[in-house]
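Asker: Handing you this structure, nothing more for now.
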């Protein structure tokens, strides 16, 4: 692992209408790449608590990722929305997003290393119990947290929301220690049936403690209101699936962090 340098922004600001939840921009490094994530927690208590890593969709650290971090903070966790692309990188369209995400999908060691750099930031926070840490991810981020589990990262559990399930060499996946929860749109056209079957077989071979929940009528990006409302495009928001998947995540955390 390359040396990790962390420079945490000194200015905190209260998040409007969030009570005691505060957010902070966090600068850190993975090798020579400067990254900027977003940290959120409830400062009403100084008690050590579980931490949750949030991995963004292929559009990078945006309002969706930051909002999820704030929602996790409201639940009593310290949440860190990491940055996979680099400080100041702003994605303009699907073509650019695909190119950026594709770089990591084609280089899984880089994906794992970049995600691990963000995990290190979270685990070193003074309010985080490093023995009780989970990671959640959306779409591209779902693929990323599954790679953390495959890499044997020191996390209690991972949750993939409408993420890709593939990995280059599923036959060689070592035993998986982290508990795995996959929340999947039953009508997602971007994840082929063969990919689902291969993933499930991989989890069996790896001896994983895994769950997979399907949401009827839901397609890709079902948890993001910015995904639109037309399922025929293969990408659309689905309010029931969003609400139910978040509840499933909370129950999963209740189990793994008890």
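The values are calculated or read from the model by the stated rules, or taken from the named source; none is laboratory data. These numbers come from a predicted model, not from an experiment. So basically every Cβ, Gly included, is an ideal-geometry build from the backbone, and we count neighbours across all protein chains shown.
Asker: If residue 211 satisfies every condition in (1) without any contact (Cβ under 8 Å) to a residue 12 or more places away in the chain; (2) within 19 Å of residue 166 (Cβ to Cβ); (3) not in a helix (DSSP H, G or I) but one, which is the exception?
Answerer: So the condition that residue 211 fails would be (1).
Asker: Condition first: assigned to a helix (DSSP H, G or I) and over 11 Å from residue 189 (Cα atoms). Now tell me which residues in the range 219-235 satisfy that.
Answerer: 225, 226, 227 - these are the residues of the range 219-235 that are assigned to a helix (DSSP H, G or I) and over 11 Å from residue 189 (Cα atoms).
Asker: Right, something else. Which residues, taken from the range 144-166, are in contact with a helix residue (DSSP H, G or I) (Cβ under 7 Å, 6 or more places away or on another chain) and outside any loop (DSSP other than H, G, I, E, B)?
Answerer: 144, 147, 148, 157, 158, 159, 160, 161
Asker: Here is a follow-up. Of the numbered conditions (1) assigned to a loop (DSSP other than H, G, I, E, B); (2) farther than 20 Å from residue 225 by Cβ, residue 95 satisfies every one except a single condition; which is it?
Answerer: With respect to (1) assigned to a loop (DSSP other than H, G, I, E, B); (2) farther than 20 Å from residue 225 by Cβ, residue 95 is out only on (1).
Asker: Can you pull out the residues in the range 167-186 that are in contact with a helix residue (DSSP H, G or I) (Cβ under 7 Å, 6 or more places away or on another chain) and either in a strand (DSSP E or B) or surrounded by fewer than 24 Cβ atoms within 10 Å (Cβ to Cβ) (or both)?
Answerer: Residues satisfying the conditions are 167, 168, 170, 173, 176, 179, 180, 181, 183, 185.
Asker: Another question, then. Among the residues of the range 236-258, count how many are more than 17 Å from residue 54 (Cβ to Cβ), touching a helix residue (DSSP H, G or I) at 6+ places or on another chain (Cβ under 9 Å) and either in contact (Cβ under 8 Å) with a residue 40 or more places away in the chain or assigned to a helix (DSSP H, G or I) (or both).
Answerer: 2
Asker: While we're here: Say whether the condition of being crowded, with 24+ Cβ neighbours inside 10 Å and over 16 Å from residue 120 (Cα atoms) is met by at least one residue in the range 21-40.
Answerer: No: zero hits.
Asker: Residue 154 is checked against (1) free of Cβ contacts under 8 Å to residues at least 40 places away in the same chain; (2) under 16 Å from the mean Cα position of the chain (by Cα); (3) at positive phi and fails just one. What number does that condition carry?
Answerer: Result: residue 154 fails condition (3) only.
Asker: Could you say whether any residue in the range 69-76 is more than 14 Å from the chain's Cα centre (by Cα), under 19 Å from residue 123 (Cβ atoms) and outside any loop (DSSP other than H, G, I, E, B)?
Answerer: Taking every residue of the range 69-76 in turn, at least one turns out to be more than 14 Å from the chain's Cα centre (by Cα), under 19 Å from residue 123 (Cβ atoms) and outside any loop (DSSP other than H, G, I, E, B).
Asker: Condition first: assigned to a loop (DSSP other than H, G, I, E, B), modelled with pLDDT under 95 and under 22 Å from residue 156 (Cβ atoms). Can you find one or more residues in the range 82-90 that meet it?
Answerer: Within the range 82-90, not a single residue is assigned to a loop (DSSP other than H, G, I, E, B), modelled with pLDDT under 95 and under 22 Å from residue 156 (Cβ atoms).
Asker: Would it be correct to say that residue 115 is in a helix (DSSP H, G or I), surrounded by 22 or more Cβ atoms within 10 Å (Cβ to Cβ) and on the phi < 0 side of the Ramachandran plot?
Answerer: Against the criterion (in a helix (DSSP H, G or I), surrounded by 22 or more Cβ atoms within 10 Å (Cβ to Cβ) and on the phi < 0 side of the Ramachandran plot), residue 115 qualifies.
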